[in-house]
Structures are given as structure tokens and as C-alpha cells.
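Report on the following structure.
The values are calculated or read from the model by the stated rules, or taken from the named source; none is laboratory data. Predicted, not measured: the structure shown is a model, and the values here were computed from it. Methodologically, a virtual Cβ is constructed for each residue, glycine included, from the backbone with ideal geometry; neighbour enumeration extends over all protein chains shown. Surface areas here come from the heavy atoms of the whole protein model, side chains and all, with no ligands, DNA or RNA. Shrake-Rupley method; radii C 1.70, N 1.55, O 1.52, S 1.80 Å.
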Amino acid sequence: MFDLIIRGGTIYDGLGGAPYVGDIAIKGSIIANIGDIAGHAREEIDANGLIVTPGFVDIHTHYDGQATWDDVMAPSAWHGVTTVVMGNCGVGFAPAAPDRHDWLIRLMEGVEDIPGTALAEGMTWDWESFPEYLDALERLPRTIDIGTHVPHGAVRAYVMGERGAANEAPTDADIAAMVDIVEDGLRAGALGFSSSRTVLHKSVDGVLVPGTTATAEELIGIGRAMGRVGHGVFEMTSDLMPEWREFDWMTELSKETGLPVTFSMLQSPMKQMHWTEQMAACAEANRSGGRIVAQISLRGTGVVMNWRGTVHPFVQRPSWRAIAHLPWGDQLAQLKNPAFKAQLLGEDNLPPPSPDIAALVMLVTAGWALQFPMREGFTYEPTHDESIALLADSAGRNPAEYAYDALMADDGNGFLYLPILNYQDGNLDFIKGLLERDDTVVSLSDGGAHCGTICDAAAPTFLLSYWTRDRKAGTISVELAVKRQCHDTARLYGLNDRGVLKPGYLADINIIDLARLKLKQPWLAFDLPADGKRLLQKADGYVATIKSGEVTFREGEVTKARPGGLIRGPQIVEQRVAAE
């Protein structure tokens, strides 16, 4: 007898093959059989008229703190994700010297917009070394599996103290000590190493992430430690400054170690290297024997703005500053007051807090042509006619007043969307071609991060609903979308036991009503420790999500099952079969 049989679903195998109707039998944590199954099971799920996919694998998240206290792992787990990789962008919480806890929290808060108060209250810090951090993660069962990188920022600060935090050049002894920590972390089960090389990533104190200005010698030295261990992904985000010659050392490292190097690839007005040049350099590196993979986002990356979010268009106006510290009820009362509204709208913005973010502040406070109200049915690919600028002009109104009223929708819970990256053309056309390339990987959801500005952890749902069905300007096939979010993401990190629906593979499975799959409206919750805020977004259409053979979600509601755990290093199918 089987433990679970999914009957009559349309199966997308994760390999990109044509879908077919069949049954899936599960025994323990693995898929036992697929086809026309005559046997019986302790539970059966009727999937007639539904699609069945592997569980989604999200490789770019920041649950490093949340994973130490949260067993549900929302919002990613709400969107069919059964595996996440965290510790991206060079930030994380291990290794952690006892006197560096607050510093690491402030670094994460500044870079990833995760409330520091939530991290301070939620984490127990029962670790110092990276292997001890993995042990701490392993103690908590969850709805999903988690894996992580060794983060450059934490390693540098641990070895070099204030010198590392200040991005001073390391000595040979410093590099040797960092190499040892990374090697020990990988041998303990880390899936890779991550680094940040962008001036946009700063702590709440305005300090660059340690490693931002690291030399090629430091980066290659650390990368060689990965080569000695024999596994791992070198992940980084970078401004790709021409003088840094990033693709030279990335190619050299990947050729020498045989391991992949992956970078965040975005259409950005702030990068000197155009996205087409980035992809051309990636292709050239791979033609010469490198393994360079571009991480791509599925939609515009920017800011979702709300009165209680991290930013909104009026955050720099004196009247807002005067009430910013008040409880929400008092703020709302003022915002509803016509006299307060008139006073605020008549004010000029205060100067930006820092010159290097002046352009960003201008977009937030006056970029009306790039701001869009997020109403019911919002697509994340709005046209210029849907912008605040055009809507206000059509209505014969001031754009600032129009934006104010849009934020006041739903009793002050309205949202505005400001896509800063990946939207220079006013559409997502260029992403379609990227989704069809072999040297890209679906990524950059930032699950668990940017709590007051975005909720891109819903990216798998967006991929399957918008990119395969709803987009008017060109779609991709469902089988390609599933392959990109399952097989391809898993294989990059050596997770060869999942992302595919075949006998012997891990029984991580989604059962989805594709016809009614859609994103719900986002909302701002205050459910983190210390009442920390975060933007959340659910979806309709997930009939069931199964992790390691156990149903963890039914119609979007979490069950009591917690079969997920910590991934230590690469995984192979034979290991799973032997364990059963």
C-alpha cells in the first residue's frame, strides 16, 4: 500500500516535456510510481482537471533570521515553494562573534529591509561558528526545506573585526582565515558562498557590506576553497563597474574549480553595463569554458508603497515627518483631515538623507510617470496610461493629490507600485527572451526580505499565472515555466533529488487549479517578532502542496505537517531511495 496517490492530474514533469494525464504514487518521502496505478493508498487526492508540478525551488531568499524561529516560512511557502536557498548577497548571521550580534542585525536591516527589532527578539543566537548555525537551523522542523550560503559580510567581520566592516584590504593571514571558515562551512553543508559588490547595499548606519570592494585575489582565494570541497555556488550581486573586470575573475574561477558563479542580472539605469552587455559577457565566458549563470527577475523590481510601508511619495514632507512617529490610528485621523492634506500637498520635499540616493528619493517622491495604483487585477506590467501622471492628467488633477487619494483607498491601505529596475522600456518584453536562455536562472524573489517595500516571494505564482496565461504581449509554455522554477533552480545548487516528477525523486509536489490561479492583493502585516511589519501576498489556486510526501498546505491553508528540514550539501536521487 502507498501512503498517498494523486489521481488523474495533468503532469508537468519539470524537465520541460509535454504534459500527460496520470497518477502519482508516493511512499514515505519519495515518488514510488507514475502512470496508471491500480493500487491503494492511505490517502488519495483527485487531481482531475488540475495540473501537477514538482515543488518550486526558490534560490534567492533572505530567511536567515526568520528560519531560526518560524516553522511555516511564509510567504514563500504560500506559493508552492518547497525548497529555499538563503544567505544571498553576502549577508547572514554566521559566523557571529558574541559582540557582533547587533552589528549583523543592523547590516541585514539596512541591506534587506528586515526589521531589526524583529531579528533581535526572534533570534536566540545559540551559535557562533557557521557549522553551529547549521546545527541550530536543523533543530526546527518546517513546512519546507532550507539551504544556505556562507555570507561574505559575516565572514569578513568575524575575521577582521572593524577592519573587515570598514572594507579595508585584508592581509594574507586574513584571507587564509576567511578561506578556512568558508571551507569548513561548505564541508558542514553550506550550498555555496555569497558576496555583495554594490554600493546600494549598506547597513542602517550607511556602511557598505563588508566585501563590497574586495579584490579579485580575495574572491578567487575563497572560491578555491569551494573547489577543494568540490561543491557550491559562488553567488553575488554587483554594480559590474567596468574597471572591476568582474567577468574576468568570475570566468577564471569557474573554469579553475568547475563550479558555477551566478550574478544578479537586472535592467538598471544605475549600471554602466547594459543588460545586453552583461548577457553578452556571460555568453562569451561560457563559450570559453566558464560556468556563469545570470540570475533574473520575473518582473519590475522596485517599491510597493503604502502609508505604513518603508517609503511613500510624501515621506520627505515636513507634515508627514511631524506625524511619522505616531500610532497608525492617529496618523490615519490626520491623513483624513482635509486641512492636513492641503498643508502636506502644499509643501516641498526635504533634502534627501544622503546624496548617493538622491535619484532614488526623487523617483519615490515625484516620479509620477513611473508610479501606478495597485488596484484589483493589477498585472505588474502596467502601461504608461495607468501611471499616476497620466491618470491625474486625464482627471484634470494634480498628480501628488491623485497619489495621496490612491494611498487613502481601503481606509488608508492603498498601494502604489514603483518599478525601478527591469522596467526601463515600460514593459517586460526583454524578460521573455531571458526565460528562454540556458545561461539564466529564475531568481531574485528576495523572500523574507525588503519587508516594507516588496513582496516578490510570490514570483512562482506570477510566473505560472501571468507568464504562461495572462500576458497579452507574449507568453511562455507551462512546461517551460515549470522547468525553470523546478529542475533548473534545483540543478544549479546540486539538488539533484528534487524538481522532477519521476520515480525515486523527492515527493515535493504542487497540485494546482491553473484556471483559477491568481495573486491576491498585497497587505501589510505586523506579525513578525516585536510586531515587525512585512508585506504579504497570498494566492488562489493551490489545491495542495506536498513536501516529502506529506501535505503541508490545502487550498492555501497550512496543515500540521512539518516534514521540511535543513539541506546539507548536494543531494542525489540514490541517497533518497536508499534512505527509504
> From the backbone phi of the stretch 451-468, what are the Karplus-calculated ³J(HN,Hα) couplings (6.51 cos²θ - 1.76 cosθ + 1.60, θ = phi - 60°) in whole Hz, Gly and Pro given as x?
Replying inline: 4, x, 10, 9, 9, 7, 4, 7, 3, x, 5, 4, 4, 7, 8, 7, 6, 9
>> Strictly greater than 20 Å: what percent of every Cα pair in the stretch 40-175 meets that?
In response: 52
> For the stretch 241-249, in order, what is each residue's ³J(HN,Hα) by Karplus, 6.51 cos²θ - 1.76 cosθ + 1.60 with θ = phi - 60°, in whole Hz (x at glycine and Pro)?
Replying inline: 4, x, 5, 7, 6, 4, 5, 5, 6
>> As an exercise, use a Förster radius of 60 Å and the Cβ-Cβ distance of Lys27 and Ala366 to find the FRET efficiency, rounded to the nearest 0.05.
In response: 0.50
> Of Gly290, Ala409, Ile388, whose Cα points farthest to the positive end of the dipole of the stretch 273-418 (charges on the beta-carbon: +1 Lys, Arg; -1 Asp, Glu; origin at the Cα centre)?
Replying inline: Gly290
> Once Lys and Arg get +1 and Asp and Glu get -1 on their Cβ, which of Gly116, Ala154, Asn88 lies farthest toward the positive end of the dipole of the stretch 82-174?
Replying inline: Asn88
> Hey, with R₀ at 41 Å, roughly what FRET efficiency would Ala359 and Arg568 work out to, going by the Cβ-Cβ distance, to 0.05?
Replying inline: 0.45
> For the stretch 112-227, with only Lys/Arg (+1) and Asp/Glu (-1) charged at the beta-carbon, what is the dipole magnitude about the Cα centre, in debye rounded to 20?
Replying inline: 320
>> Quick check: pseudo-label points 7 Å beyond the Cα along Cα→Cβ at Asp513 and Met408, how many nm apart are they?
In response: 3.8
> For the stretch 1-117, what are the per-bin percents of Cα-Cα distances with bins 5 Å wide, up to the bin holding the maximum?
Replying inline: 2, 10, 15, 15, 13, 10, 9, 8, 8, 7, 3, 1, 0
>> Could you give each residue of the stretch 147-159 its phi-based ³J(HN,Hα) in whole Hz, using Karplus coefficients 6.51, -1.76, 1.60 with θ = phi - 60°, and x for Gly or Pro?
In response: x, 8, 8, 7, x, 4, x, 5, 5, 5, 5, 5, 7
> For the stretch 202-360, what is the accessible area per residue in Å², given a 1.4 Å probe and the full set of protein chains?
Replying inline: 41
> What dipole magnitude, in Debye to the nearest 20, does the chain give about its Cα centre under +1 on Lys/Arg Cβ and -1 on Asp/Glu Cβ?
Replying inline: 880
>> Give me the one-decimal nm value for the distance between modelled label points at Arg554 and Met241, 7 Å along each residue's Cα-to-Cβ direction.
In response: 5.6
>> At 1.4 Å probe size, with the rest of the protein present, what percent of the exposed accessible area of the stretch 29-107 is carbon and sulfur atoms?
In response: 44
>> Full-extension gain between Met270 and Lys432, please, as 0.36 nm times their residue separation minus the C-alpha to C-alpha distance.
In response: 56.1 nm
> Between Asp205 and Arg308, what FRET efficiency follows from the Cβ-Cβ distance if R0 is 22 Å, with the result rounded to 0.05?
Replying inline: 0.40
> Which whole number in µm²/s is D for the stretch 339-390 by Stokes-Einstein, with the Kirkwood Rh taken over Cα pairs at 25 °C and 0.890 mPa s?
Replying inline: 188
>> Given a 1.4 angstrom probe, I'd like the percentage of the accessible area of the stretch 366-484 that is carbon and sulfur, rounded to a whole number.
In response: 48
> What part of the accessible area of the stretch 201-262, given as a whole %, is carbon or sulfur when the probe is 1.4 angstrom?
Replying inline: 50
> Separation of the stretch 102-165 and the stretch 232-277 by C-alpha centroid, Å?
Replying inline: 25
> Of the listed peptides 285-292, 184-191, what is their order by residue-averaged count of other C-beta atoms within 10 Å, with the highest listed first?
Replying inline: 184-191, 285-292
> Ignoring ligands, DNA and RNA, what accessible area per residue does the stretch 1-155 give at 1.4 Å, in Å²?
Replying inline: 30
> Taking the Cα-to-Cβ direction at Asn398 and at Arg187 and moving 7 Å from each Cα, how far apart do the two end points lie in nm?
Replying inline: 6.6
>> Could you sort Leu4, Leu514 by their accessible area in this structure, using a 1.4 Å probe and putting the largest first?
In response: Leu514, Leu4
> Cα-Cα over 27 Å: which of Lys520/Lys560; Lys341/Lys538; Lys432/Lys547; Lys336/Lys538; Lys271/Lys538?
Replying inline: Lys341/Lys538; Lys432/Lys547; Lys336/Lys538; Lys271/Lys538
> Under unit Cβ charges (Lys, Arg +1; Asp, Glu -1), what dipole magnitude, rounded to 20 debye, does the stretch 180-285 have relative to its Cα centre?
Replying inline: 200
>> With a 1.4 Å probe and all protein chains kept in place, how much accessible area does Leu208 have, in Å² rounded to the nearest 10?
In response: 50
>> Among Asn306, Ser354, Gly556, whose Cα projects farthest towards the positive end of the dipole of the chain, with charges put on the beta-carbon of Lys, Arg (+1) and Asp, Glu (-1)?
In response: Gly556
